[in-house]
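Quick note: the coordinates plus some simple rules give every number you see, no bench work behind them. The structure presented is a predicted model; accordingly, all values stated were derived computationally and were not measured. Positions of Cβ are backbone-derived with ideal geometry, glycine not excepted, and every protein chain shown enters the neighbour counts.
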Amino acid sequence: MRTWALPLLQCVLCHSALDYEQFSGDDEVLPDGLLSCAGDSCSAWYPEVGGVPRILPHELIEGTITDFIGKYSSRLDRRSDVQIASPGAADELKNLKKHTQTNFGFEWDEYDRFGWDDEVFTMANEEAVFGYKSMLTEREVDGKFVLDAGCGNGRYSQWASEYGARVIGVDISDAVDSAARNTHENLNVQIIQCDIFALPFHEHTFDTVFSIGVLMHTGDAKRAAGSLSGLPRPGGSLTVHLYGKGNPFYEMIDAAIRKRTTRMSVDGLSRFTRRMWRLSRFLQSVRLRGQAQRFMKLDAHPHCIFDWYAAPVATHHTYPEVESWFSAKNLEVQATNRLKNVSKIRETWRSWLGGAPTVTVKWKKMENVRNNRALG
């Protein structure tokens, strides 16, 4: 557990600070440890496994909890097994979250080095992708505290830290294990497994928050966006990047394919991905992939195909819709990736013949701007 990251965390049950005790590990091995609620009337605890605090309901990490208790029972004998849960009523999205954990956990184990040392999607390539999707520059994040909400295998957390930030990357799935391994040597990155609907942070904790390709997979994109809206400090920024709505033919075909793929096992999804990858390469060889992508999602890498079709939920949105989510959150639109000065004829053409668009919006947190806390 990075010492600089601990003060940024809070108990998701009572919002008190957390204490930390390391159980194992050293500079060469990702540590195990225990985070305990410091609140007087709260006995919640959270395991750290492989350098990753697991701040989730125990039912979402059953295997991890069982193994952790078995391994460290002598150090946990005075602790009750408190059920860690999101505040409020029963979690109606529990089954979706488990499905998401299964599929994305497999994905980032199978493609753990995508965007790092992959033959095509290298770190250099991903720097440009990160800049486009986050709308952030080195100057904006240098010396800042940054949240990567939905970090996958950690490649965007890495790039934010390369720009001089201290970054917390969070994800609900076991993608955190790949992210922790990939960023282990980077002391300015801390990976945490948690739920976007119950993030373990106080309001105004971060100078910059970005969420790339995540909100549309949560089952309630608007509510997930609301979970992020209070985290930037006054004067800070929040960027979200998510799927947009394509042309009607594309949406119809995509929905029909995903109706089947969302019911597949991960083995079935892997076979499906291989078939789609062969089709994608064939169409590219005859220079038809660009045209085909107006009607279905094909891509230049098998990971991108798996990622698209494996997500249990993938909602599509418009710029006005996304902007409305934050209209009452004291956030002002600072920039978007929406095309400017597009004629009505061209806009109509794009809406009918375009493929899979995206929506990217960057907000600035209003109120009185405070001085950003520099790295210590």
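Just a few scattered comments:
- For region 141-211, relative contact order (Cα pairs under 8 Å, six or more residues apart, normalised by length) works out to 40 percent.
- Computed across region 104-246, the Kirkwood radius stands at 15.0 Å (inverse of mean 1/r, all Cα pairs).
- Applying the Karplus relation 6.51 cos²θ - 1.76 cosθ + 1.60 with θ = phi - 60° to region 181-186 yields 3J(HN,Hα) values of 5, 5, 10, 3, 7, 9 Hz, where x marks Gly and Pro.
- Cα-based radius of gyration of region 103-160 once divided by 2.2 N^0.38 Å, which approximates compact folds: 1.17
- Entries in Lys144/Lys245; Lys71/Lys222; Lys245/Lys365; Lys94/Lys364; Lys259/Lys362 that, when Cα-Cα distance is taken, lie over 29 Å: Lys144/Lys245; Lys71/Lys222; Lys94/Lys364; Lys259/Lys362
- Listed residue (Ser285, Pro53, Val29) projecting farthest to the positive dipole end of the chain, Cβ model: Ser285
- Bridgeable aspartates and glutamates around Lys297 (alpha carbons under 17 Å apart, same-chain partners fewer than 8 residues away excluded): Glu251, Asp254, Asp307.
- P(r) weight above 17 Å for region 1-41, C-alpha pairs, percent: 35 percent
- Region 246-315, Cα convex hull volume normalised per residue, Å³: 74 Å³
- Under Stokes-Einstein, with the Kirkwood radius over Cα pairs as Rh, the value for region 282-326 at 37 °C and 0.692 mPa s is 257 µm²/s.
- Summing charges over all other residues whose Cβ lies under 13 Å from the Cβ of Ala292, with Lys and Arg as +1 and Asp and Glu as -1, gives +3.
- Relative contact order of the chain, taken over Cα pairs closer than 8 Å and 6 or more residues apart, is 16 percent.
- The antiparallel fraction among DSSP beta bridges confined to the chain stands at about 55%.
- Region 187-332 - Debye-derived log10 I(q)/I(0), Cα point model, q = 0.12, 0.13 Å⁻¹: -0.63, -0.72
- Highest-first packing order for the peptide set 64-71, 169-176, 96-103, 12-19 is 169-176, 96-103, 12-19, 64-71, based on the mean count of other beta carbon atoms within 10 Å.
- Note on the chain: semi-axes of the ellipsoid equivalent to its C-alpha gyration tensor, largest first and rounded to whole Å, are 34, 25, 20.
- Exposure rule at most 15 other beta-carbon atoms within 10 Å, DSSP loop GluC sites (Glu not before Pro): the chain longest free segment: 204-366
- Taken along the Cα-to-beta-carbon direction at a fixed 7 Å, the label points for Glu62 and Val286 span 4.8 nm.
- Low-density loop positions, trypsin sites (Lys or Arg not before Pro), region 213-298 - DSSP coil, at most 16 other Cβ in 10 Å: Arg263, Arg287, Arg294
- Between Gly219, Gly235, Gly290, the Gaussian network model of the chain with springs among Cα atoms under 10 angstrom shows the greatest mean-square fluctuation at Gly290.
- Based on alpha-carbon atoms, the Kirkwood radius and the radius of gyration of region 6-85 give Rg/Rh equal to 0.94.
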